Amino acid sequence: MAQKASALRARAAALASDIFALQEVSDAEAVAEVFPRELYDIFATDAQIPQNIAFAVRKGGHARPLAARQVDALAKRDSAGRAVRPGLELVVEVAGIRLTLLNVHLKAGCRAQVIDAPDVSGARDEQHKADIIESCRVLRSQIPELEQWLDAQLTAGALPIILGDFNRDLSGEVKRKLPARLDGSDPRTPVSEATRIGSLLFEISDGEPTGSRMTFVRADIQARDKRVKAPGTTRFDRVCHDRIDHFLISGAVEAALRIDARRLVASGAEYGDDAYGPDRVLPSDHCPHTLRLTW
């Protein structure tokens, strides 16, 4: 663990970001091992699960944290009664403008499926089929909560950004032109049990209320292919996951900051040769994604 924390500290120091959004942390104390409290304000969820989420905000930086809140509505339960991760809301002030960030780590296992009509034809076996169906069901239950959070923020006059590990290929949704709903109903209307959702992005980005159109920020991550061995390894390393970590910028934020989010690019890179090898503990299976906002 010391080796892992050291690699993460080195990357955090090199990035020198004002705000870090973190997933898969046990608690705030674990965050403090990488982001010392004398240098960062730490906010973490406190769910009784192995994987919590957190923010670390650099003291003396451009962002001033104002309030944080755990969003338990996202912590849906699977058929076995296990809760998935809650969200974490953070209000920050930057250059006199207040932004409301929602850090998420959504249900895994439904990365590229049509949400309410998952294709299980390629499943390995019956258990894999059941797992795909269940994963999509739980993710589907999180989507109305995500949209309600967004709509409530906009109605209150806030400037929301949703970011984190969506466990969902949103670029694939765009390329495949997945419909918001499979039943032809208007995505601006409330979701009922009978509603059949096709796409996460287009369901929450329905233009109602004003400012709710969400722009998907393209990522340009410099990392070796997962099929290529890292230096010194005797196995194939999964260098980092691809196309599931996202920033969604609301139209309200674009208007307030006078930016075009379609022109934004999230940058990032792997952890470097020293982090990989048979005697090394992989720092993370995700590469850091960095988004710079200026106005």
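Below are the figures for this structure:
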item	result
Meets criteria (surrounded by fewer than 20 Cβ atoms within 10 Å (Cβ to Cβ) and touching a Cys at 6+ places or on another chain (Cβ under 9 Å)) for R137	yes
Within the range 95-107, considering residues that are aliphatic (A, V, I, L, M) and surrounded by 17 or more Cβ atoms within 10 Å (Cβ to Cβ), the one nearest to F166 (Cα to Cα)	L106
Extreme residue, surrounded by the most Cβ atoms within 10 Å (Cβ to Cβ), among residues of the range 59-86 that are in contact with a Lys or Arg (Cβ under 9 Å, 6 or more places away or on another chain) and outside any loop (DSSP other than H, G, I, E, B)	L74
Hits in the range 44-71 - residues which are within 16 Å of the chain's Cα centre (by Cα) and not β-branched (V, I, T)	A44, Q51, N52, A54, F55, A56, Q70
Identity of the residue in the range 22-40, in contact with a strand residue (DSSP E or B) (Cβ under 7 Å, 6 or more places away or on another chain) and in a helix (DSSP H, G or I), that ends up surrounded by the most Cβ atoms within 10 Å (Cβ to Cβ)	V31
Failed item in (1) modelled with pLDDT under 90; (2) assigned to a loop (DSSP other than H, G, I, E, B); (3) surrounded by fewer than 13 Cβ atoms within 10 Å (Cβ to Cβ), with D274 passing the rest	(2)
Test: residue in the range 104-112 that is of a type in the set (K, R) and within 30 Å of E134 (Cβ to Cβ)	yes
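The values are calculated or read from the model by the stated rules, or taken from the named source; none is laboratory data. Note that the structure is predicted; figures quoted are calculated from it, not measured. Cβ atoms come from the backbone with ideal geometry, glycine included; neighbour counts cover every protein chain shown.
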